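> After the structure tokens below, expect a handful of questions from me.
The values are calculated or read from the model by the stated rules, or taken from the named source; none is laboratory data. All of these numbers come straight from a predicted model, not from anything done at the bench. So basically every Cβ, Gly included, is an ideal-geometry build from the backbone, and we count neighbours across all protein chains shown.
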């Protein structure tokens, strides 16, 4: 399947504010109470809650159309195969890939990155270089460290400034003839920085390097256009995008995927097998060994369709309003320091409070029904960059209300009350 | 539902703000490291044993209010105890914070001074914050120089 490049991947091109209450009604869990208080869920960056549209799509598929895919010739298998491949086409449209064959289903972003490290990285030679940023998630650090152990590659780390913004000149200085790959986050899960990915891709390509973007945090918040970005790989996960766990996506340019050896092996990824010789299937099947997460793919497609009904322009406008409101509120809290103050930032508020450990903050907030993440957010080097062992992090989604951030501020007042 | 003031009692807050025995002794006879990778808490417990008794106990580290207060209270509590008494106190403490010994069911003695931490039993995610220093102390007694990690501990 093909499409025109640079088409907006979602139907909503015009920003329109939406009714957050109506949206919240789509998420059953948001109606529950925690410790006697209405749930204030501010941990969407870790994993998003699921709308009825996703729950119903998976339930309906299992009840009515379920069978294994790409196997049987019978009716249900044909239905299931069609639904699974339709989900792939939905993802293709979501990131505006040229072809559905450029979309590989994985378990999550972590597996997508590991796939690239193992398979694309199989061609890397000792001395080849990979550039990461200083604020990567562990999932975009450790696979490259393991490749370093296997292949003797060199990892270089592009620094960020005190606000958490990439120092672009320093990044450009790291690029050189040995740079094979730039593996960089689109939006930092720990501190919310939106990376200048278009500029990064341009600079990297000018130096002859490929670019993998970790889009885990970006996919839920903004339209992705892999053709406009011209990135070589783009990885994201379903569960942060209001979809189920256990389903993620690797986008790879067709010519790169075609040149890559299989990742895992078994059924599904082969063309023919004999004990003398096995021929591998073409992408994406080559990278989807074994029975895939069929129900997860159906759920992910439903999540993408759901988000499209609201539209990313509207979602981004709402989340930026949340970010402004939250930043203003937290700036008023005595002894609080925001970690990550990039000019271009997602609605992620990472902070430390003088004399109070993030876990104590999270416990106190939890007793008011407020869920925040506390710790290093799987980004220990990023924490180290900012001189903290961890932070408390409040992260917003399309269903977050402005007054939930007021509740957070009140909860932090309680923290101050207890700790003085 | 338990009130936050059961967890963050004034005694706990006091010990977390001004931990006792937060120092590195010059000549400890046993020490061990403790690590909670979930929250990044790290602690080193130093013991000076003389004739089967804990002559001195101290610690270094950083962590949440619960872990700092617990280490502060623990190092005070085990000083002067025999090795066996210190181990027994650990067992009682662990039973208390995991809710296995029922509030008010303490048999008096040193555990009463530690009962300020009993509120942690209502916060299952935080029990290891309170027990890490004890596991580390116990490890220093049994296997000096070892490192214990909460990953391998049940509570």
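> For region A:226-242, enumerate the residues that are in contact with a helix residue (DSSP H, G or I) (Cβ under 7 Å, 6 or more places away or on another chain) and farther than 17 Å from residue A:136 by Cα.
A:226, A:229, A:230, A:231, A:232, A:238, A:241, A:242, listed by residue number.
> Confirm whether residue A:219 is in a loop (DSSP other than H, G, I, E, B) and modelled with pLDDT of 95 or more.
yes
> Further question: For region A:20-61, which residues satisfy the criterion of being in contact with a helix residue (DSSP H, G or I) (Cβ under 6 Å, 6 or more places away or on another chain) and either within 14 Å of chain B (Cβ to nearest Cβ) or assigned to a helix (DSSP H, G or I) (or both)?
A:24, A:30, A:53, A:54, A:57, A:58, A:61, listed by residue number.
> From the list A:86, A:67, A:134, which residue is touching a residue at least 12 places away in the same chain (Cβ under 8 Å) and surrounded by 18 or more Cβ atoms within 10 Å (Cβ to Cβ)?
A:134
> Of the residues that make up region A:222-232, is at least one within 18 Å of residue A:130 (Cβ to Cβ) and in a strand (DSSP E or B)?
Within region A:222-232, not a single residue is within 18 Å of residue A:130 (Cβ to Cβ) and in a strand (DSSP E or B).
> A follow-up question, please. Is at least one residue of region A:91-99 surrounded by fewer than 19 Cβ atoms within 10 Å (Cβ to Cβ), outside the structural domain of residue A:380 (by TED's automatic domain parsing) and either modelled with pLDDT under 95 or not in a helix (DSSP H, G or I) (or both)?
Yes, region A:91-99 contains at least one residue that is surrounded by fewer than 19 Cβ atoms within 10 Å (Cβ to Cβ), outside the structural domain of residue A:380 (by TED's automatic domain parsing) and either modelled with pLDDT under 95 or not in a helix (DSSP H, G or I) (or both).
> Let me ask another. I need the full set of residues from region A:388-398 which are crowded, with 18+ Cβ neighbours inside 10 Å, without any contact (Cβ under 8 Å) to a residue 60 or more places away in the chain and more than 8 Å from chain B (Cβ to nearest Cβ), in order please.
Once the filter is applied, which keeps residues that are crowded, with 18+ Cβ neighbours inside 10 Å, without any contact (Cβ under 8 Å) to a residue 60 or more places away in the chain and more than 8 Å from chain B (Cβ to nearest Cβ), region A:388-398 yields only A:392.
> Taking the criterion of being in the same structural domain as residue A:186 (by TED's automatic domain parsing) and under 25 Å from the mean Cα position of the chain (by Cα), would at least one residue in region A:264-272 satisfy it? Give the derivation first.
Kept after step one, since they are in the same structural domain as residue A:186 (by TED's automatic domain parsing), are these residues of region A:264-272: A:264-272.
Right, trim to under 25 Å from the mean Cα position of the chain (by Cα) and you get A:264.
Yes, because at least one residue in region A:264-272 is in the same structural domain as residue A:186 (by TED's automatic domain parsing) and under 25 Å from the mean Cα position of the chain (by Cα).
> Would you point out the residue of region B:18-44, among those that are at the interface with chain A (Cβ under 10 Å from one of its Cβ atoms) and surrounded by fewer than 20 Cβ atoms within 10 Å (Cβ to Cβ), that is nearest to residue B:114 (Cα to Cα)?
B:42
> Out of all the residues in region B:119-144, which are more than 13 Å from the chain's Cα centre (by Cα) and more than 12 Å from every other protein chain (Cβ to nearest Cβ)?
B:121, B:141, B:142, B:143, B:144
> While we're looking at this one, here's another question. When you scan region A:333-344, do you find a residue that is free of Cβ contacts under 8 Å to residues at least 12 places away in the same chain and more than 22 Å from residue A:89 (Cβ to Cβ), even just one? Reasoning before the result, please.
Keep residues of region A:333-344 that are free of Cβ contacts under 8 Å to residues at least 12 places away in the same chain, which gives none.
No, every residue in region A:333-344 fails to be free of Cβ contacts under 8 Å to residues at least 12 places away in the same chain and more than 22 Å from residue A:89 (Cβ to Cβ).
> Oh, and also: Go through (1) in a strand (DSSP E or B); (2) more than 10 Å from every other protein chain (Cβ to nearest Cβ); (3) at negative phi for residue B:15 and report which single condition fails.
Evaluating residue B:15 over (1) in a strand (DSSP E or B); (2) more than 10 Å from every other protein chain (Cβ to nearest Cβ); (3) at negative phi leaves (1) as the failure.
> Please specify each residue of region A:388-398 satisfying the condition of being under 19 Å from the mean Cα position of the chain (by Cα) and under 17 Å from residue A:163 (Cα atoms).
A:393, the sole residue that qualifies.
> I've got another one for you. Check region A:332-339 and report whether any residue there is within 14 Å of chain B (Cβ to nearest Cβ), over 25 Å from the mean Cα position of the chain (by Cα) and over 26 Å from residue A:159 (Cα atoms). Can you show your working first?
So in region A:332-339, the residues within 14 Å of chain B (Cβ to nearest Cβ) come out as A:335.
The next check asks that each one be over 25 Å from the mean Cα position of the chain (by Cα); those that pass are A:335.
Next, from what is left, pick out any that are over 26 Å from residue A:159 (Cα atoms): A:335.
Yes, some residue in region A:332-339 is within 14 Å of chain B (Cβ to nearest Cβ), over 25 Å from the mean Cα position of the chain (by Cα) and over 26 Å from residue A:159 (Cα atoms).
> Sort through A:401, A:385, A:416, A:367 and tell me the only one that's within 11 Å of chain B (Cβ to nearest Cβ) and over 18 Å from the mean Cα position of the chain (by Cα). Show your work before the answer.
Numbers: A:401 fails: within 11 Å of chain B (Cβ to nearest Cβ); A:385 fails: within 11 Å of chain B (Cβ to nearest Cβ); A:416 fails: within 11 Å of chain B (Cβ to nearest Cβ).
Checking each option against the conditions leaves just A:367.
> So, in region B:53-70, of the ones that are assigned to a strand (DSSP E or B) and within 14 Å of chain A (Cβ to nearest Cβ), which residue ends up surrounded by the most Cβ atoms within 10 Å (Cβ to Cβ)? Quick ask: steps written out before the conclusion?
So in region B:53-70, the residues assigned to a strand (DSSP E or B) come out as B:53-62.
Checking which are within 14 Å of chain A (Cβ to nearest Cβ) leaves us with B:61-62.
Values: B:61: 20, B:62: 13.
So, considering only residues that are assigned to a strand (DSSP E or B) and within 14 Å of chain A (Cβ to nearest Cβ), the one surrounded by the most Cβ atoms within 10 Å (Cβ to Cβ) is B:61.
> Which one of A:371, A:301, A:328, A:362 is modelled with pLDDT of 95 or more, crowded, with 16+ Cβ neighbours inside 10 Å and out of contact with any strand residue (DSSP E or B) (no Cβ under 7 Å at 6 or more places or on another chain)? Walk me through how you get there before you give the answer.
Details: A:371 fails: out of contact with any strand residue (DSSP E or B) (no Cβ under 7 Å at 6 or more places or on another chain); A:328 fails: crowded, with 16+ Cβ neighbours inside 10 Å; A:362 fails: out of contact with any strand residue (DSSP E or B) (no Cβ under 7 Å at 6 or more places or on another chain).
Among A:371, A:301, A:328, A:362, only A:301 is modelled with pLDDT of 95 or more, crowded, with 16+ Cβ neighbours inside 10 Å and out of contact with any strand residue (DSSP E or B) (no Cβ under 7 Å at 6 or more places or on another chain).
> In region A:312-325, what count of residues is obtained for those that are under 20 Å from the mean Cα position of the chain (by Cα) and surrounded by fewer than 21 Cβ atoms within 10 Å (Cβ to Cβ)?
6
Okay, residues lined up against (1) buried (at least 23 other Cβ atoms within 10 Å of the Cβ); (2) in a loop (DSSP other than H, G, I, E, B); (3) touching a helix residue (DSSP H, G or I) at 6+ places or on another chain (Cβ under 8 Å):
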residue: A:115; (1), (2), (3): yes, no, yes
residue: A:119; (1), (2), (3): no, no, yes
residue: A:125; (1), (2), (3): no, yes, yes
residue: A:130; (1), (2), (3): yes, no, yes
residue: A:139; (1), (2), (3): no, no, yes
residue: A:147; (1), (2), (3): yes, no, yes
residue: A:169; (1), (2), (3): no, no, no
